[in-house]
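Heads up, the thing below is written out as structure tokens.
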């Protein structure tokens, strides 16, 4: 089997472009899966490149607190599986890096981490609700 390096490079570029952690491609019997570690994502965030995919933004005029926003377009899930325990609920104290929900895009489950410590004051989306890029998901105090 010959490895198509150009295709793999293109898939890896899509990971970065769409802020995905994992991507799967299938063409006939050929199946390619690429993923990147969270450490790689943190390195990208800390570089001098301005990324529009920052998950938590603090608005100066936002008196309610810090809003955790969706980094991608997809479907929001409040628990890791149907009927499972929710990642967070109102009143929970959360730590920086803790998963607050999952946004599914292209059959890939993308964990949305908090980049700030805080207490959950509001959950702004319902389980299974479609979300847009930059849409507020939860509010922290």
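Numbers below:
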quantity: Options 107, 95; residue that is loosely packed, with under 13 Cβ neighbours inside 10 Å, at pLDDT 75 or above, within 17 Å of the chain's Cα centre (by Cα) and under 19 Å from residue 130 (Cα atoms); calculated: 107
quantity: Contacts under 7 angstrom Cβ, first residue in region 18-44 being more than 18 Å from residue 104 (Cβ to Cβ), partner exposed (fewer than 11 other Cβ atoms within 10 Å of the Cβ) and at pLDDT 80 or above, 6 or more apart; calculated: none
quantity: Exclusive hit being in a strand (DSSP E or B), out of contact with any helix residue (DSSP H, G or I) (no Cβ under 8 Å at 6 or more places or on another chain) and either buried (at least 16 other Cβ atoms within 10 Å of the Cβ) or not assigned by TED's automatic domain parsing to the domain that holds residue 14 (or both), set 88, 120; calculated: 120
quantity: Flag for residue 61 being in a loop (DSSP other than H, G, I, E, B), modelled with pLDDT under 85 and not assigned by TED's automatic domain parsing to the domain that holds residue 15; calculated: yes
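The values are calculated or read from the model by the stated rules, or taken from the named source; none is laboratory data. As the structure is a computational prediction, the values presented were derived from the model and not from experiment. Methodologically, a virtual Cβ is constructed for each residue, glycine included, from the backbone with ideal geometry; neighbour enumeration extends over all protein chains shown.
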